[in-house]
Structure formats: C-alpha cells, structure tokens
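Undergrad: Structure provided below as structure tokens; questions to follow.
Every number in this text was worked out from the coordinates using simple rules, so none of it is lab data. Computed from a predicted model, the values in this text were never measured in an experiment. So basically every Cβ, Gly included, is an ideal-geometry build from the backbone, and we count neighbours across all protein chains shown.
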Amino acid sequence: MTAQAGDTTSLSARKAAQRKALRSSRRALPPSQRRRAALRAARHLARLARAAGARHVAAYLGVNEEIDTAPLLALLRRQGCRLYVPRLAGERLRFAPLRGTLRDNRYGIAEPAGAARPPRLDLIVLPLVGFDAAGRRLGMGGGYYDRLLARPRPSRRPLRVGLAFAAQELPEVAAGAGDARLDAIVTERGARRIR
C-alpha cells in the first residue's frame, strides 16, 4: 500500500510540474501568435469534424491562456453543426446546447443557464494543458473530463479531440489509469489522429 501511495504522490507531483511549465510557456505566447494559431487550428478541426460527419459537437469556451475556441465555434456553426458546451452539475460535467443566456460558474467560466440534455454527441473538443503523441492528455487537474469520459460508453462513442497550441506537446504526459485518452490532436500545425 505504501508503494501505491508513493506512486500516486509521484504521479501528482509530475503532473503538477508539467502543468506549471506548460501554463507558463502558454502564457508567454504573444497575442498575435495566439490569434493566428486559433484561426489555423479552427480550420483544421472544422475539416476533421466535416470528414468525420460530425453534426453534434461539444466544445469548451476558452478562458485565460487556453487556445481561443471562438473561431472554431463560428466555423462549426457555418458547417451546420449543433453546438454544446460544458455545464457543471455539482462535481459532474454535462453538456448543454450553446444558445441563450450564459452565466459564470464557480470557476468564472461561462456556461449555459439551461440544462437541456444533448443528443448523442459525434465529437467532443477537450481543453488541455499538455498532450503527447500517444493521446495522453494533461488537464487542469479537476478530473471533470476524465469522470465524464469514464462513464459507460454508448455503442458509438464520440470522437475525442484535444485542441491546443503546438507548443503544448510533451514527449510524454504524466498520466494514470483513470486519465481519458484522446482520439486526435489538433493544433495550428494540423490535425493528427492517434493510433
């Protein structure tokens, strides 16, 4: 039992160190570079969604130093996609239609006021702090997306796509057994499916 506790502490420490370094480098990106990267990544992700036949897409609303999702949401809307964004329900994350009034949740992140349940999603765009070529994702540490994606899967699960700046890639993300994996990564450099 001591070894497991040590492993967990070690994993937590590695994740914290990776988060700190990556958030710092993400904050250092100049605003003009951030805007260009968001537009390029949006085009790549919109093409991926179109190729996957995605009609019902969940995406986050970018905050702080995260890549801006506004260009992506606009492109997906023009493609006829129905959009959904995260909404907190206690310690659980749910998706609600992106329409009507938005309000800030306890973390200061805008979310829909309504609680309508979306149909089966075709694609989920996940925020992340870091990623690697194997599809491991380093989130903010709250575990909301990991808990959401750990639920029993429908017969056809949504495509899980991480959206980030290329500078957020690591040789290896510190990840545990409960950390959700990605099916694809999209950055300003392109879209990459994970095998």
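Undergrad: Tell me, what is the FRET efficiency for Ala74 and Met140 to the nearest 0.05, using R0 = 30 angstrom and their Cβ-Cβ distance as r?
TA: Working from the Cβ atoms, E equals 0.75.
Undergrad: OK, next. What length, rounded to one decimal in nm, is gained on full extension from Arg43 through to Leu170, with 0.36 nm per residue of separation minus their alpha-carbon distance?
TA: Separation in residues times 0.36 nm, less the Cα-Cα distance, equals 43.4 nm.
Undergrad: Then there is this: Starting from the Cα gyration tensor of the range 118-183, take the square roots of the eigenvalues, sort them a ≥ b ≥ c, and report rounded, prolate or oblate (rounded when a/c is under 1.5, otherwise prolate if a/b is larger than b/c, else oblate). Write down the numbers at each step before the final one.
TA: On the way: a/c = 2.00, a/b = 1.60, b/c = 1.25.
Prolate is the answer for the range 118-183, as a/c is 1.5 or above and a/b outweighs b/c.
Undergrad: How large is ³J(HN,Hα) for each residue in the range 165-177, as worked out from phi by the Karplus curve 6.51 cos²θ - 1.76 cosθ + 1.60 (θ = phi - 60°), to whole Hz, x for Gly and Pro?
TA: Once rounded to whole Hz, the list reads 7, 4, 5, 8, 7, 10, x, 7, 7, 5, 9, x, 4.
Undergrad: So, one more: At 0.36 nm per residue, minus the direct Cα-Cα distance, what do Ala52 and Arg195 gain on full extension? Give it in nm, one decimal, please. Display every interim value, and only then the final one.
TA: Details: separation 143, 0.36 × 143 = 51.48 nm, distance 1.58 nm.
This chain segment gains 49.9 nm when fully extended.
Undergrad: Hey, can you grab everything whose amide H is under 5 Å from the amide H of Leu98? Only 5+ residues off in sequence or another chain; H modelled, so Pro and N-termini drop out.
TA: Amide H neighbours of Leu98: Leu83, Tyr84, Val85.
Undergrad: Fewest to most neighbouring Cβ within 10 Å: what's the order for Lys20, Lys15?
TA: Lys20, Lys15
Undergrad: Give me Phe165, Phe95 sorted ascending by neighbouring Cβ count inside 10 Å, so fewest comes first.
TA: In increasing order of surrounding Cβ atoms, one gets Phe165, Phe95.
Undergrad: Let me ask you something else. Report ³J(HN,Hα) in whole Hz for each residue of the range 134-146, in order, from the Karplus equation J = 6.51 cos²θ - 1.76 cosθ + 1.60 where θ = phi - 60°; Gly and Pro get x.
TA: Listing the rounded values in order: 8, x, 6, 10, 9, x, 7, x, x, x, 4, 5, 4 Hz.
Undergrad: Another question about this same structure. Please work out the C-alpha center-to-center distance from the range 73-100 to the range 134-148 and express it in whole Å.
TA: 18
Undergrad: For the peptides 103-109, 129-135, what is the packing order when you average, over each peptide's residues, the other Cβ atoms within 10 Å and list the highest mean first?
TA: Numbers: 103-109: 10.7, 129-135: 19.7.
Most protected by this proxy first, the peptides run 129-135, 103-109.
Undergrad: Name the helices (complete DSSP H segments) of the chain with a Cα length along the long axis of 24 Å or more and a Kyte-Doolittle mean of at least -1.0, or state none.
TA: Membrane-span-like by this criterion, though nothing is claimed about a membrane: 31-51.
Undergrad: Pick the calculated Cα extents along the principal axes in Å for this structure from [x] 52, 37, 35; [y] 71, 37, 29; [z] 58, 38, 26?
TA: Correct label is [x].
Undergrad: When the chain is treated as a GNM, springs tying every alpha-carbon pair under 10 Å, which of Ala89, Ala113, Ala175 comes out with the largest mean-square fluctuation?
TA: Result: Ala89 has the largest fluctuation of those listed.
Undergrad: Still on this structure, please answer the following. Given labels modelled 7 Å from the Cα in the Cβ direction, how far is it in nm from Tyr107 to Gln33?
TA: Calculated label separation equals 2.5 nm.
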